[in-house]
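Input: a single structure, listed below in structure tokens.
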Amino acid sequence: MNSRFVRFTCRIVIVGMMVLPFQARAGLVGTEQAISAAAQARTAREAIAAYVGRTDVAQQLQALGLSPQEAQARVAALSDAEITALAGRIDSLPAGGSAWIPLLLIAILLIWRFLLSDQAQAEAAAKKSTPAPEKK
């Protein structure tokens, strides 16, 4: 039974090697590209460290049960890719405002346009004055 299993496994591997492509790419990374990636990660790390060091952020972290020193240690333990992704997420957050304010303004505009404007009232009056066609 052992030799059957070995033969079956070998056949699966052989078919897989014939069907699946062997592709390996290697390329040179330029000095400028390596330096710019490292510099970008360094500036992102500094920005996140400054963000975590702010008093309002530190208070929120303490409310969640995480001391500022632990947060700084966790930031220091992140990889360059994680730091860059986190910095991008922080940069995409709204600055100083809430996301519901534009939605509220759009809702008010739509209510005014379709219910309260002169055109909406004129359309409603025209609908009331026009009799509905009779069905035969």
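A few points about this structure:
- Spread of Cα-to-Cα distances over 5 Å intervals beginning at zero, given as percent, for the range 32-93: 4, 19, 26, 24, 16, 6, 3, 2, 0
- By the count of neighbouring beta-carbon atoms within 10 Å, fewest first, 118, 80, 91 end up ordered 118, 91, 80.
- Take every pair of alpha-carbon atoms less than 8 Å apart whose residues are at least six positions apart; their mean separation over the length of the chain yields a relative contact order of 18 percent.
- Hydrodynamic radius by Kirkwood, which averages 1/r over all alpha carbon pairs of the chain, in angstrom: 23.0
- Here the chain is treated with +1 on each Lys and Arg Cβ and -1 on each Asp and Glu Cβ, and its dipole about the Cα centre works out to around 920 debye.
- Prolate/oblate/rounded label for the range 12-62 (Cα gyration tensor, a/c 1.5): oblate
- Karplus 3J(HN,Hα) series, Hz, for the range 103-114 with 6.51 cos²θ - 1.76 cosθ + 1.60 (x for Gly, Pro): 5, 5, 5, 5, 5, 5, 4, 5, 4, 5, 5, 9
- Helix 31-53 axis, angle to the chain major axis (alpha carbon atoms, nearest 10°): 60
- Here the peptides 57-65, 4-12 are ranked by packing, the mean other Cβ count within 10 Å, and the order with the highest first is 57-65, 4-12.
- Highest-fluctuation residue, 102, 21, 68 considered, GNM on the chain with Cα pairs under 10 Å: 21
The numbers here are math on the coordinates, done by the rules we state, and not lab data. Quick caveat, the model's predicted, so the values are computed rather than measured. All Cβ positions, even for glycine, are placed from backbone atoms using ideal geometry, and neighbour counts span all protein chains on display.
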